[in-house]
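The values are calculated or read from the model by the stated rules, or taken from the named source; none is laboratory data. Small disclaimer: the values here were computed from a predicted structure and weren't measured. Cβ atoms come from the backbone with ideal geometry, glycine included; neighbour counts cover every protein chain shown. Note: areas computed on protein heavy atoms with side chains; ligands, DNA, RNA excluded. Shrake-Rupley method; radii C 1.70, N 1.55, O 1.52, S 1.80 Å.
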Amino acid sequence: MDGDRCVGAAGFSVRENKFYIFKANAVLDVMGGAVHIFRPRSIGEGLGRSWYPPFNSGASTYFTLKAGAEMTCQEVRFVPVRFKDSYGPVGAWFLLFKAKATNAKGEDYMETRAAELENWAPYGTSKPTPTNLRNYLMLQELEAGNGPIYMKTDEAIKELMADITDEKEAKRKMKELESEAWEDFLDMTISQALNWASHNVSPEETPSEISACEPYFISSHSGASGAWVSGPKDLSPSDDYHWGYDNMTTIKGLFAAGDASGASSHKFSSGSFTEGRIAAKAALAFIVDNPDSANIDNEKIKELKEKILQPLATFEEHKDYANDEDVNPNFIKPKMFMFRLQKIMDEYAGGASVHFKTSKALLEKGLEFLEFMKEDSEKLAAKDTNELMRCWENIHRLWQAESHIRTMLFREETRWPGYYFRTDHPTMKEEWKAFANCKWDPETGEWEMIKREIKELT
Amino acid sequence: MPSFVISEKCDGCKALDKTACQYICPNDLMVLDKIKNKAYNRAVDMCWECYSCVKICPTQAIEIRGYADFMPLGAVVQPLRSTDSIMWSVKFRNKKIKRFKFPIRTTPEGSIDPKSGMETGTDDLKSPLLRTEPDSLGTDLFEK
């Protein structure tokens, strides 16, 4: 930072012994969402089988939050329902193959539980039913003891084949459907194909279980968490929706797009890509308007370098005290640090094992435990640059986790059942039809919670 | 689903300055054991099954063994890439085999014109229009 302006970034190489300082007249934050903040459903080898890539650890949020930028929708996590365990996509089955999801008795819970949707009007009564409400009805089925939940792939294929009487045509059609079904996985979630093969599942013969994954933080694809960025000049209704440059955060010269910019859930791949183009163009305009090179203080660089490389120094200093390189009272390794964070988030902040339910009392307890983690983060240790990367990934996760808990506490209602449910505030309230924003002050270290009005653009 | 390296097939990419799998892994998992001169996956529980290492390995020494905490043993899903398509072999636990071939691109490499013959709408950096817009929007809905 140069005063109130973001003027670059710092980092290190995992290949060579190099520390990097990037000087910039404008910075665009596009480092994706966050995985492994909540305890995953599989904790052995399957730990890595997250729905979103495990190498996205909340760097986007950390970067904007620590710069002092205002953040939005940090309470909104995304819980995708996917084919169980391998998290294969369900979209093609629902939309292309018109498959139905049912409980173990074969009942379509979207029909049998339709009345529940009225409690969440106008969202619940609109078409298509929002993702979180579809999740919610499914969770209710599971709580009623009606699991497992199945994607009826076999019935869908049967239905698609129903009108074909010619034997040759039927054979051709079946081959085409089979190819489409497998390609869906082989193109993007190969482990789901392996999961079918390892269980001898042929989708035209056997239905497959689906389930809710653990929560993730993304701004695209039905998530919403990210930085509060300036809207486009031509569409924004007022100054608090637009401040000079499209997609600029509340920090001068710091832009965000994709999963880094919040409150724009309906961008998916192409939307995030286009938002990146819009943000990059605005950043260029900022550079042209602010051509003076930024000042970077050498003392600050020295301080950053020391802080960033500290886990290596901590390990060197204490490694000979114990015979086990991972168990040593003087430090904590990044893996156990991550597991501690995941346990806290799962049990107190409404993870998968508690069916995404939480309350003020639980959240406050979780926040208390995160304070210990913040203190212990000073004692993270790394034996090499790979572990140094893991240390910083987990510090990023910790900050994403804290802003999540604080914003869930702030919003005293339940607006996204199926993503999370506040048992102490189980309904949606009119007064909370607003954005819940937060900001961390780099000078004082204080958090500020901000309620922002929703202004309709259309 | 973790990747593993078949010892016999891996030559440590000795002709290259770093192994192909080290180069391609998005999570910094593949490392070269300099004594054995073989690559290995150092943290299988952080592996996303993206198959990048499997696809890039010049000696086809890398395969995937399904996450053992929920997949029964015995299945293999293996790709073979060509310049324009990918061939997948899916071997089931019960030995059944399925093969699928999908295109991976429909145009020759390097042949795409970024502007696709469309006009640059404006040189104004402050305009919300992106390169080739409004031409590429295919609609006059946004024109004022």
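Helix A:269-289 versus the longest principal axis of chain A: what angle, 0 to 90°, nearest 10, using Cα atoms? Around 20 degrees separate the two axes.
Charges were assigned to the Cβ only: +1 to each Lys and Arg, -1 to each Asp and Glu. The resulting dipole of chain A about its Cα centre is roughly 180 debye.
Past 23 Å, Cα to Cα, is the threshold; run A:K84/A:K357; A:K335/B:K55; A:K18/B:K55; A:K127/A:K433 against it and keep the listed order. Beyond 23 Å between Cα atoms: A:K335/B:K55; A:K18/B:K55.
Got a sec? Charge dipole of the protein assembly as shown, +1 on Cβ for Lys and Arg, -1 for Asp and Glu; which of A:S50, A:W447, A:A401 is way out at the positive end? Positive-end residue among those listed: A:S50.
Peptide A:47-55 shows a mean partner chain C-beta count of 6 within 10 Å per residue C-beta.
Going by Cα centres, segment A:126-164 and segment A:167-242 are how many Å apart? If you average the Cα positions of each part, the centres end up 15 Å apart. Scoring A:116-124, A:64-72, B:101-109, A:280-288 by mean Cβ neighbours within 10 Å over their residues and listing the highest first yields A:64-72, A:280-288, A:116-124, B:101-109. Computed from Cα positions, the angle between helix A:167-188 and the longest principal axis of chain A comes to roughly 20 degrees. Averaging the sequence gap over all C-alpha pairs within less than 8 Å and six or more residues apart, then dividing by the number of residues, gives chain A a relative contact order of 24 percent. Peptide packing: for B:121-132, A:306-317, A:379-390, the average count of neighbouring Cβ atoms within 10 Å per residue gives the ranking A:379-390, A:306-317, B:121-132, highest mean first.
Springs between Cα atoms under 10 Å define the GNM used for chain B, and in it the highest mean-square fluctuation of B:F70, B:F100, B:F92 occurs at B:F70.
Label zone of B:S116 (point 7 Å out along Cα→Cβ, amide N under 19 Å): in segment A:263-295 this covers A:268-278. Name the residue from B:I97, A:I149, A:C391 whose Cα lies farthest towards the positive end of the charge dipole of the protein assembly as shown, charges +1 on Cβ of Lys and Arg and -1 on Cβ of Asp and Glu. The Cα lying farthest towards the positive end belongs to B:I97. Annotation: the antiparallel percentage among DSSP beta bridges lying fully within the protein assembly as shown is about 85.
Take peptides A:75-87, A:356-368, B:50-62 and line them up by average Cβ neighbours within 10 Å, highest first, as a rough protection proxy.
Values: A:75-87: 24.3, A:356-368: 17.8, B:50-62: 19.4.
Highest to lowest by the protection proxy: A:75-87, B:50-62, A:356-368.
Angle, helix A:298-318 long axis vs. longest principal axis of chain A, Cα atoms, 0 to 90°, nearest 10? So the inclination is approximately 70 degrees. When you filter the trypsin sites (Lys or Arg not before Pro) in segment A:97-146 for DSSP loop state and at most 15 other Cβ atoms inside 10 Å of their Cβ, you are left with A:K98, A:K105.
Other protein chain C-beta atoms within 10 Å of residue C-beta, averaged over B:44-55: 5. Put a plus charge on the Cβ of each Lys and Arg, a minus charge on the Cβ of each Asp and Glu, and nothing anywhere else: the dipole of segment A:317-434 about its Cα centre is then about 500 debye. Past the 31 Å Cα-Cα mark, which pairs from A:K267/A:K439; A:K343/B:K9; A:K343/B:K96; A:K333/B:K38? In this structure, A:K343/B:K9; A:K343/B:K96 exceed 31 Å between Cα atoms.
Who wins for biggest fluctuation among B:M71, B:M30, B:M87 in a Gaussian network model of chain B, springs between alpha carbons below 10 Å? Of B:M71, B:M30, B:M87, the most mobile in the Gaussian network model is B:M71. With helices as the sole contributors, chain A gives -12000 deg cm²/dmol at 222 nm; each DSSP H run of n ≥ 4 counts as -39500 (n - 2.57), and the sum is divided by every residue.
Summing both sides, the accessible surface hidden between A and B at a 1.4 Å probe radius is close to 4300 Å². Counting Cβ atoms of other protein chains within 10 Å of each residue's Cβ and taking the mean over peptide B:91-98 gives 4. Probing with 1.4 Å while keeping every protein chain in the model, the per residue accessible area of segment A:3-62 equals 39 Å².
Taking the centroid of alpha carbons for each part, segment A:74-95 and segment A:292-352 are 32 Å apart.
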